[in-house]
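**Student:** Dropping a structure here in structure tokens format, bear with me for questions.
Read-outs: derived from the displayed coordinates by stated rules, not from any lab. Note that the structure is predicted; figures quoted are calculated from it, not measured. Cβ placement follows ideal geometry from the backbone for every residue including glycine, while neighbour counts extend to all protein chains displayed.
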Amino acid sequence: MCPPEYFTVEYAINPWMDTATPVDRELAVKQWHGLREALLGLGHTVHELAPEAGLPDMVYAANGALVVDGTVYGARFRHPQRTPEAAAHRSFHEARGARFVAPAEINEGEGDFTYLPEAHGGLILAGYGFRTEPAAHAEAQEVLGRPVVSLRLVDPRFYHLDTALAPLDDGNIVYFPEAFSVAAQRVLAQLFPDAIRADEVDAFAFGLNLVSDGRHVVLNSEASGMAAKVAAAGYLPVPVELSELKKGGGSIKCCVAELRD
Ligand code: ARG
């Protein structure tokens, strides 16, 4: 995680960002600490990436890489405003001795990639259409040696895979079907017949942008409908307030890069 010390909305690269809306950075920092405390309280280890002035989106740490079984496939950001963030993530992973592979193709890490170790023997799901290039899906498969399933995103408000789909455990997902092309919806229905389906209200509340450890589902407190759905499926929702970071177009999952060590 990377604290939102320099968080602001000074450019708009997704439909949620409005440079005319003021940001309460103090509140953002306070809420971010609440998320960190919630994860620590659940027994997780949280490493911190040092924030850098002039990189207001660094708080969305999930976009910096994808880690599968100790191999780190680095990010290459779509927008020049975020380009320098990739190097910070690279240094972080190299400093902890991980095997880092620099990408040739544009991809935004866990923003558009997720990994389910127990789905069909280990599957990477990958979004494209707005940020990550399909060529990066093939590259990730070469680097990580897991099948990558390409899913086309069709709604600009759900511009990253992690705004529309999340693993609930090692083998199952929750997703908002309408964010995907009709063909991608078919693929998801075939691969995940037991998935939870979210609705538009859940998606707009950033309810899909969640982090689950297989039992506890950490999601933002606005997403009460999503919390009820995961509770009905037997998971324990852990609501956390993170409203200020919605102004940048992100929520819980965006703030958490999973190391999967
Ligand atoms: N302002 C950031 C961007 O548009 C938000 C990133 C949100 N992160 C995420 N994992 N969806 O790139």
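**Student:** Quick one: Cα centre-to-centre distance for segment 137-176 and segment 6-79, in angstrom?
**Tutor:** Going from one Cα centre to the other spans 19 Å.
**Student:** Here's another thing I want to ask about it. Under a cut-off of 13 Å between alpha-carbon atoms, report the aspartates and glutamates in cross-link reach of residue 246, not counting same-chain residues fewer than 8 places apart.
**Tutor:** Counting by Cα, and skipping residues close in sequence, residue 246 has these aspartates and glutamates nearby: 18, 24, 57, 222.
**Student:** Please list, in order along segment 86-94, the HN-Hα scalar couplings obtained from phi with the Karplus expression 6.51 cos²θ - 1.76 cosθ + 1.60 (θ = phi - 60°), rounded to whole Hz, x for Gly and Pro.
**Tutor:** 4, 5, 5, 5, 4, 4, 4, 6, 5
**Student:** Of the peptides 161-167, 16-22, 37-43, how do they stack up when ordered by the mean number of other Cβ atoms within 10 Å, highest first?
**Tutor:** Numbers: 161-167: 27.9, 16-22: 11.9, 37-43: 13.4.
Order by mean packing, descending: 161-167, 37-43, 16-22.
**Student:** Continuing with this model, one more query. Give, in nm to one decimal, the length gained when the segment between residue 6 and residue 40 is fully stretched (0.36 nm per residue of separation minus the Cα-Cα distance).
**Tutor:** Fully extending the segment from residue 6 to residue 40 adds 9.9 nm.
**Student:** Tell me the relative contact order for the chain as a rounded percent, counting alpha carbon contacts under 8 Å between residues six or more apart.
**Tutor:** Relative contact order comes out at 20 percent.
**Student:** Where both residues lie in the chain, what percent of DSSP beta bridges are antiparallel, nearest 5?
**Tutor:** Once the DSSP bridges in the chain are tallied, antiparallel ones form about 50 percent.
**Student:** Suppose every K and R has +1 on its Cβ and every D and E has -1 on its Cβ; what is the size of the dipole of the chain about the Cα centre, in Debye to the nearest 20?
**Tutor:** Taking the Cα centre of the chain as origin, the dipole is about 220 debye.
**Student:** Please work out the FRET efficiency for the pair residue 259 and residue 183, using the Cβ-Cβ distance as r and a Förster radius of 45 Å; give the result to the nearest 0.05.
**Tutor:** The pair residue 259/residue 183 has a calculated efficiency of 0.85.
**Student:** Let me ask something additional. Show that you can apply the helix-only estimate: for the chain, add -39,500 (n - 2.57) for every DSSP H stretch of four or more residues, divide by all residues, and state [θ] at 222 nm to the nearest 500.
**Tutor:** About -7000 deg cm²/dmol.
**Student:** Would you calculate the volume per residue, in Å³, of the smallest convex hull containing every Cα atom of the chain?
**Tutor:** Convex hull of Cα atoms, per residue: 107 Å³.
**Student:** Taking 8 Å as the Cα distance limit and 6 or more residues as the minimum spacing, I'd like the relative contact order of segment 1-146 as a percentage.
**Tutor:** Averaging sequence separation for qualifying contacts and normalising by length gives 20 percent for segment 1-146.
**Student:** Taking the number of other C-beta atoms within 10 Å as the exposure measure, put 29, 148 in order starting with the fewest.
**Tutor:** Starting with the residue having the fewest Cβ neighbours, the order is 29, 148.
**Student:** A further question follows. In the neighborhood of residue 200, defined by Cβ-to-Cβ distances under 12 Å, what is the net charge if each Lys or Arg adds +1 and each Asp or Glu adds -1?
**Tutor:** Overall, the nearby charge balance is -2.
**Student:** Pull out the extension gain between residue 215 and residue 50, defined as 0.36 nm times the separation in residues minus the alpha carbon to alpha carbon distance; nm, one decimal.
**Tutor:** Going from the current span to full extension adds 56.5 nm.
**Student:** First select every other residue whose beta carbon is under 14 angstrom from the beta carbon of residue 47; then total the charges, Lys and Arg +1, Asp and Glu -1.
**Tutor:** -1
**Student:** Using the 10 angstrom Cβ neighbour count as an exposure proxy, how do 113, 180 rank, fewest first? Present the calculation step by step, with values, prior to reporting the outcome.
**Tutor:** Working: 113 28, 180 24.
The fewest-first ordering by Cβ neighbours comes to 180, 113.
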